[in-house]
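Asks: Below is one structure. I have some questions about it.
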Amino acid sequence: MELIEQFKDLEKNRHKYAKEWKEKNKGKIMGYFCTYVPEEILYAGGILPVRILGSHEPQDVTEPHIFAMFCPFCRDCLAQGLKNRYEYLDGLMIAQSCLHIRQTYTSWIKHRPVEFEKFLCMPHKVQSRHSYEFLTEEYKVFKKEIENWIEKKITDKDLKNAIEVYNENRRLMKKLYELRKKDNPPITGEEVMEIVIAMQMTDKTEHNKMLKDLLRKLENHTPSREVGSRLMILGSEDDDTVFMNMVENCGATFVIDDHCTGSRYFWNEVKNGKDPLAAIAARYIDRIPCPSKDWEERKRIPHILQMCKDWKVDGVIIMQQKFCDPHELDFVAIQKALKAAGIPTLFLEFDVTVPVGQFKIRVEAFLEMIGEEDLF
Amino acid sequence: MEQEAKYPTEKLKCWDEAKQIRMKYYKDYAEAHDKGGLRWAGGAWTFDAIPAGLGDDLYPITSEPYGATLAFDKELSLECMEAAEKAGYPRDLCSYMRNYWGSIIIDKYPFGYDEKGEFKPRFQGVKALGFPKPDFIWQDHICCSHAKWYQVVSDLEGKIPMFSVDNAVGPFNELTDSKIKYVVEQLKDGIKFLEKVTKRDYNDELLYKAIKNHFISTSTWAEICNLNKAIPAPLDEKSIYSLYVLGTLQKAGKQVADFYEKSLLPEVNERVKKGIAAVPNEKFRVMSDTQPPWSFLSIFRYLEKFGCVSIGSLYTFGLIGQWEVKKDGTWGAKTIPDVEFSNRDQALYEYVKYELHKPEWQHFYSCHLKSDMMIRIAKEWKLNGVMLHYNRGCEGLTLGIAENRLALLDAGFPVMAFEGNNADEREFDEARTKAKINAFMETLGAK
């Protein structure tokens with residue numbers, strides 16, 4: 001589809017896009033790790049937030065910096081920095097989440113220093129009522145640091161405008177996801193993944209415009225491809241479009257996901273509030289949690305089960321980055337809950353590159369198993 | 001390779017006392033219900049002065065030392081690991097945690113009673129007791145695994161009431177009132193939780209005593225480690241493991257504070273005065289990092305054959321010990337706050353402010369802070385080299401270890417890295433590690 005190609009183009013040419021944006025807007029670019037970074041504050045300051053992702057290429061530059069049993073994603077991300085692929089970044093930041101990606105951040109700022117660096121202390125206990133006030137205070141400090149850096153005051157009006165742009169983006173994405181509930185979804189999981197990845201590295205105003213165009217086209221679009229089994233994919237960070245493509249060519253369609261490169265990134269909006277920083281903080285506290293913050297209660301499980309029901313899911317592929325502890329600590333409980341709900345699962349461990357041939361055999365077997373009920 | 005003794009040596013006089021405190025701890029936990037008391041479970045870093053306010057009959061079991069205790073019992077550990085794997089948990093997860101979960105799954109506690117009714121470790125031939133289920137969980141969270149560990153414990157044991165405190169509020173040099181308050185407010189919520197689940201009234205006086213014990217244990221432990229700057233070192237790391245562990249069991253416990261302050265510190269002071277060495281042929285001094293492979297502590301004895309003493313590590317010094325920079329610029333024991341507690345809020349504020357300076361919490365925010373502390377130790381404890389354990393069993397403490405290696409090398413300290421696992425013996429190659437030690441000792445000049 002032509003409009004998807006635009007998103008794809010942004011994803012494939014992310015560095016070109018960022019450099020051109022910088023040239024055109026004379027603005028600063030902030031590379032960030034982890035979707036707990038409050039992009040709204042950056043956007044309000046005229047900064048373009050760009051999520052750092054890997055390139056899915058085997059590499060040999062991170063071994064001296066990161067212990068080999070840390071996840072392949074964090075090593076792939078650091079490799080991008082060490083190979084100078086993000087040399088246009090003015091700043092680099094992370095919001096506290098998992099340890100592995102934090103290692104990427106700390107290694108990067110030492111070996112590829114930037115003008116502005118920030119470890120933002122995002123609380124872990126998002127289920128504590130005290131986390132709201134704490135994060136708001138952290139944001140106040142962060143906003144001041146940003147203002148000092150860009151030598152410009154960020155007003156409440158700037159923040160509210162940024163919130164509106166981001167909320168619109170989230171609403172549009174949810175509309176797109178709603179279309180996937182159709183018996184014949186007008187868009188594949190791979191295509192949606194391209195859109196979300198592009199979303200994490202593009203000016204949201206621009207992304208909104210593209211999304212609106214796409215949604216208009218999709219309203220009356222009925223794809224000719226066979227839908228097959230309706231799948232959900234969930235787990236760690238996942239921008240592996242090659243895998244998505246392979247599965248969707250085996251007689252299946254991903255109709256929903258629970259990823260930080262998917263629905264978890266945009267699912268909830270910033271609600272109106274007197275204090276925009278407190279409102280933004282509440283959004284990040286209340287969002288669908290990463291497993292690293294999903295305690296004491298596991299709140300993600302009922303959300304996953306509800307998604308399975310609403311998007312009429314036949315089966316779930318649980319993927320996870322090798323060595324990703326937070327997800328490893330949850331998937332047994334998730335599998336158990338899905339099994340109790342009668343939903344079959346396939347567990348796959350991802351590395352920087354995936355063994356497509358071997359995974360294909362396992363996916364085909366899984367799809368056959370799901371399809372058995374129709375056969376007999 | 002064997003070298004002549006240069007210094008006098010003798011066994012620590014308080015050694016047996018340390019061993020007894022540890023055994024009594026596991027016995028008290030197992031027998032808590034028989035005495036009408038309560039059992040609770042939580043991490044070695046948890047704010048253990050808080051449950052102390054519920055009475056003198058609360059008995060904890062801390063997760064990491066328990067995982068290490070299991071690891072030392074190789075046969076039982078393997079059984080635990082395999083049970084956890086069979087239940088679906090990946091084998092790259094924290095090995096203490098997998099031991100702990102396995103112990104619940106197979107329902108075996110690594111202790112039991114002999115025919116005379118004496119409480120003993122299972123590996124001494126007694127039948128293992130069943131795992132004593134805790135009445136509640138009181139945990140902290142700074143590492144990805146901490147609170148999640150006990151989610152699984154609660155799953156396995158059938159919903160144990162659980163409260164975890166998020167103490168990951170940033171490095172010591174960026175502490176603010178807001179950060180301290182966030183932790184304090186959680187502790188206050190935690191106290192309400194504890195009152196509810198135990199149906200007991202909270203006693204602030206007991207809390208104050210426990211916090212004071214905590215200050216004494218952690219500051220005194222640092223003072224003891226500081227004495228190891230002496231040449232010859234009065235303590236070697238293998239012995240230190242058996243001593244620091246008391247702080248990981250119950251740092252707010254009176255028995256631990258008293259042992260460090262009244263038994264161990266005076267004795268180590270005496271050893272320094274008399275020049276009593278832990279390793280009589282001391283010629284080279286190194287430090288290690290992260291938890292050792294518990295089933296293979298013999299590698300530390302192997303070092304001694306070269307005249308090499310491992311004087312400790314940031315891990316053994318800073319996991320429990322609290323430190324500060326003294327006027328002369330060197331590291332020394334943190335000064336105990338000179339305050340009288342008059343109310344709960346004030347006591348909790350002082351407790352949290354003090355505790356957030358823990359050296360072993362700082363690398364969770366930046367490995368470079370850890371490198372600075374390691375280089376400081378290497379200089380002030382006059383080291384010849386460093387042995388880094390790339391520990392597959394604990395990602396929390398290996399966070400940044402590769403950067404630490406680079407920083408130590410840049411600072412001029414030779415580094416030997418070896419890969420292993422603190423509590424999963426299947427991931428440690430003893431022969432290969434000894435071969436690495438041979439080569440490392442050669443580079444340090446050992447003959």
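The values are calculated or read from the model by the stated rules, or taken from the named source; none is laboratory data. Because the structure is predicted, anything quoted here is derived from the model rather than measured. No Cβ is skipped: glycine too gets one built from the backbone with ideal geometry, and neighbour counts run over all protein chains shown. Quick note on the areas: whole protein, heavy atoms, side chains included, nothing else; ligands and nucleic acids left out. Shrake-Rupley method; radii C 1.70, N 1.55, O 1.52, S 1.80 Å.
Asks: If I go through region B:292-305 residue by residue, how many of them are touching a strand residue (DSSP E or B) at 6+ places or on another chain (Cβ under 7 Å) and open to solvent by 10 Å² or more (accessible area, probe 1.4 Å)?
Replies: Applying the first criterion (touching a strand residue (DSSP E or B) at 6+ places or on another chain (Cβ under 7 Å)) to region B:292-305 yields B:292-293, B:300, B:303.
Going one step further and asking which of them are open to solvent by 10 Å² or more (accessible area, probe 1.4 Å), we end up with B:300.
Number of matching residues: 1.
Asks: Going residue by residue through region A:15-37, is there one that turns out to be within 14 Å of chain B (Cβ to nearest Cβ), of a type in the set (D, E, K, R) and touching a residue at least 40 places away in the same chain (Cβ under 8 Å)?
Replies: no
Asks: How many of the residues in region B:406-417 are charged (D, E, K, R) and either more than 14 Å from chain A (Cβ to nearest Cβ) or buried (at least 23 other Cβ atoms within 10 Å of the Cβ) (or both)?
Replies: To start, the set of residues in region B:406-417 that are charged (D, E, K, R) comprises B:410.
Next, from what is left, pick out any that are either more than 14 Å from chain A (Cβ to nearest Cβ) or buried (at least 23 other Cβ atoms within 10 Å of the Cβ) (or both): none.
Of the residues in region B:406-417, 0 are charged (D, E, K, R) and either more than 14 Å from chain A (Cβ to nearest Cβ) or buried (at least 23 other Cβ atoms within 10 Å of the Cβ) (or both).
For every residue, the table says whether it meets (1) within 20 Å of the chain's Cα centre (by Cα); (2) more than 23 Å from residue B:214 (Cβ to Cβ).
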residue	(1), (2)
B:337	no, no
B:342	no, no
B:346	no, no
B:355	yes, no
B:362	yes, no
B:382	no, yes
B:388	yes, yes
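Asks: Would you mind stating whether residue B:350 is part of a strand (DSSP E or B) and among the acidic types (Asp, Glu)?
Replies: Numbers: part of a strand (DSSP E or B): no; among the acidic types (Asp, Glu): yes.
No, not satisfied.
Asks: Moving on. So residue A:282 ticks every box in (1) assigned to a helix (DSSP H, G or I); (2) within 14 Å of another protein chain (Cβ to nearest Cβ); (3) aliphatic (A, V, I, L, M) but one. Which box is left unticked?
Replies: Result: residue A:282 passes all but (2).
Asks: Sticking with this one: Just name the residue that is nearest to the other protein chains (Cβ to nearest Cβ) out of those in region A:291-327 that are surrounded by fewer than 17 Cβ atoms within 10 Å (Cβ to Cβ) and not in a helix (DSSP H, G or I).
Replies: Here the residue is A:297.
Asks: If you scan region A:96-115, which residues turn out to be touching a helix residue (DSSP H, G or I) at 6+ places or on another chain (Cβ under 8 Å) and open to solvent by less than 20 Å² (accessible area, probe 1.4 Å)?
Replies: A:96, A:97, A:99, A:100, A:101, A:103, A:104, A:106, A:107, A:108
Asks: Any idea which of B:367, B:308 is on the phi < 0 side of the Ramachandran plot, in contact with a strand residue (DSSP E or B) (Cβ under 7 Å, 6 or more places away or on another chain) and surrounded by 18 or more Cβ atoms within 10 Å (Cβ to Cβ)? If you could, list the steps in order and put the result at the bottom.
Replies: Numbers: B:367 fails: in contact with a strand residue (DSSP E or B) (Cβ under 7 Å, 6 or more places away or on another chain).
Unique residue meeting the criteria: B:308.
Asks: When region A:219-237 is examined, which residues are found to be surrounded by fewer than 23 Cβ atoms within 10 Å (Cβ to Cβ) and within 23 Å of residue A:169 (Cα to Cα)?
Replies: A:219, A:220, A:221
Asks: Another question about this same structure. Go through (1) assigned to a helix (DSSP H, G or I); (2) surrounded by 17 or more Cβ atoms within 10 Å (Cβ to Cβ) and name the single condition residue A:261 misses.
Replies: Going through the list (1) assigned to a helix (DSSP H, G or I); (2) surrounded by 17 or more Cβ atoms within 10 Å (Cβ to Cβ), residue A:261 breaks only (1).
Asks: Closer than 21 Å to residue A:298 by Cα and within 14 Å of chain A (Cβ to nearest Cβ): is that true of residue B:98 in this structure?
Replies: On the way: closer than 21 Å to residue A:298 by Cα: yes; within 14 Å of chain A (Cβ to nearest Cβ): yes.
Criteria met by residue B:98.
Asks: Considering only region B:343-350, I want to know if a residue exists there that is among the small types (Gly, Ala, Ser), touching a strand residue (DSSP E or B) at 6+ places or on another chain (Cβ under 8 Å) and at pLDDT 95 or above. Steps first, answer last, please.
Replies: We begin by selecting, within region B:343-350, every residue among the small types (Gly, Ala, Ser); these are B:347.
Still in the running and touching a strand residue (DSSP E or B) at 6+ places or on another chain (Cβ under 8 Å): none.
No - not one qualifying residue is present in region B:343-350.
Asks: Return the only residue of B:192, B:188, B:159 being out of contact with any Gly (no Cβ under 6 Å at 6 or more places or on another chain), modelled with pLDDT under 95, within 14 Å of another protein chain (Cβ to nearest Cβ) and surrounded by fewer than 19 Cβ atoms within 10 Å (Cβ to Cβ).
Replies: On the way: B:192 fails: modelled with pLDDT under 95; B:188 fails: modelled with pLDDT under 95.
One residue alone meets the criteria, B:159.
Asks: Shifting gears a bit: Looking only at region B:34-59, which residues are open to solvent by 10 Å² or more (accessible area, probe 1.4 Å), without any contact (Cβ under 8 Å) to a residue 60 or more places away in the chain and either touching a strand residue (DSSP E or B) at 6+ places or on another chain (Cβ under 7 Å) or among the acidic types (Asp, Glu) (or both)?
Replies: Across region B:34-59, the qualifying residues are B:34, B:57, B:58, B:59.
Asks: Just wondering, is there one or more residues in region A:79-89 that are touching a residue at least 60 places away in the same chain (Cβ under 8 Å), within 12 Å of chain B (Cβ to nearest Cβ) and of a type in the set (Phe, Trp, Tyr)? Steps first, answer last, please.
Replies: Step one: list which residues in region A:79-89 are touching a residue at least 60 places away in the same chain (Cβ under 8 Å), which gives A:85-86, A:88-89.
Now restrict to residues that are within 12 Å of chain B (Cβ to nearest Cβ): none.
Checked against the condition, which is being touching a residue at least 60 places away in the same chain (Cβ under 8 Å), within 12 Å of chain B (Cβ to nearest Cβ) and of a type in the set (Phe, Trp, Tyr), region A:79-89 yields no hits at all.
Asks: For region B:214-331, give me every one of the strands (runs of 3 or more DSSP E) that falls completely inside it and has 3 or more residues that are in contact (Cβ under 8 Å) with a residue 12 or more places away in the chain. Steps first, please.
Replies: Working: elements: B:284-288, B:308-313, B:323-325.
The qualifying strands (runs of 3 or more DSSP E) are B:284-288, B:308-313.
Asks: For region A:116-163, give me each residue that is open to solvent by less than 30 Å² (accessible area, probe 1.4 Å), within 13 Å of chain B (Cβ to nearest Cβ) and among the charged types (D, E, K, R).
Replies: Answer for region A:116-163, where residues must be open to solvent by less than 30 Å² (accessible area, probe 1.4 Å), within 13 Å of chain B (Cβ to nearest Cβ) and among the charged types (D, E, K, R): A:118, A:125, A:138.
Asks: I need the full set of residues from region B:356-385 which are within 14 Å of chain A (Cβ to nearest Cβ), of a type in the set (Gly, Ala, Ser) and not in a helix (DSSP H, G or I), in order please.
Replies: Listed by number, the list holds a single entry, B:366.
Asks: How do the pairs read when you match residues in region B:87-114 that are over 19 Å from residue A:334 (Cβ atoms) and free of Cβ contacts under 8 Å to residues at least 24 places away in the same chain with residues anywhere that are among the aromatic types (Phe, Trp, Tyr) and not in a helix (DSSP H, G or I), using Cβ under 8 Å and keeping only pairs 6 or more apart or on different chains?
Replies: Taking only residues 6 or more apart or on different chains, the pairs are B:112/B:119; B:113/B:119.
Asks: Give B:388, B:397 a once-over and let me know the one that is modelled with pLDDT of 95 or more, assigned to a helix (DSSP H, G or I), within 12 Å of chain A (Cβ to nearest Cβ) and closer than 21 Å to residue B:296 by Cβ.
Replies: On the way: B:388 fails: assigned to a helix (DSSP H, G or I).
Selected residue: B:397, the only one of B:388, B:397 that is modelled with pLDDT of 95 or more, assigned to a helix (DSSP H, G or I), within 12 Å of chain A (Cβ to nearest Cβ) and closer than 21 Å to residue B:296 by Cβ.
Asks: So which residues in region A:53-75 are away from chain B (no Cβ under 11 Å) and part of a loop (DSSP other than H, G, I, E, B)?
Replies: Within region A:53-75, A:53, A:54, A:55, A:56, A:57, A:58, A:59, A:60, A:61 meet the criteria.
Asks: If you don't mind, there's one more thing I want to ask. Of all residues in region A:334-364, count the ones that are open to solvent by less than 20 Å² (accessible area, probe 1.4 Å) and part of a helix (DSSP H, G or I).
Replies: 4
Asks: Only one residue in A:37, A:50 is part of a strand (DSSP E or B), at pLDDT 95 or above, more than 24 Å from residue B:407 (Cβ to Cβ) and of a type in the set (A, V, I, L, M, F, W, C). Which one?
Replies: Details: A:37 fails: part of a strand (DSSP E or B).
Answer to the check: A:50.
Asks: Here's something else I'd like to know. Residue by residue through region B:74-88, note down the ones that are more than 12 Å from residue B:105 (Cβ to Cβ) and charged (D, E, K, R). Let's see the steps before the verdict.
Replies: Residues of region B:74-88 more than 12 Å from residue B:105 (Cβ to Cβ): B:74-78.
Matches in region B:74-88: B:74, B:75.
Asks: Also, quick follow-up: Output the number of residues of region B:418-447 satisfying the condition of being β-branched (Val, Ile, Thr) and open to solvent by 10 Å² or more (accessible area, probe 1.4 Å).
Replies: So the first thing to find is which residues in region B:418-447 are β-branched (Val, Ile, Thr), and the list is B:433, B:437, B:443.
From what's left, open to solvent by 10 Å² or more (accessible area, probe 1.4 Å): B:443.
Residues in region B:418-447 being β-branched (Val, Ile, Thr) and open to solvent by 10 Å² or more (accessible area, probe 1.4 Å): 1 in total.
Asks: Give the residues of region B:138-156 that are within 7 Å of chain A (Cβ to nearest Cβ) and polar (S, T, N, Q), sorted by residue number.
Replies: B:145, B:151
Asks: Turning to a different aspect of this structure: Can you name the residue in region A:17-33 that is within 10 Å of residue A:88 (Cα to Cα) and assigned to a helix (DSSP H, G or I) and, of all such residues, is most open to solvent (accessible area, probe 1.4 Å)? Show your work before the answer.
Replies: In the first step, residues of region A:17-33 are kept if they are within 10 Å of residue A:88 (Cα to Cα); the result is A:18-19, A:22, A:28-31.
This time we only want the ones that are assigned to a helix (DSSP H, G or I), so: A:18-19, A:22.
Values: A:18: 1, A:19: 94, A:22: 54 Å².
Residue satisfying both the conditions and the ranking: A:19.
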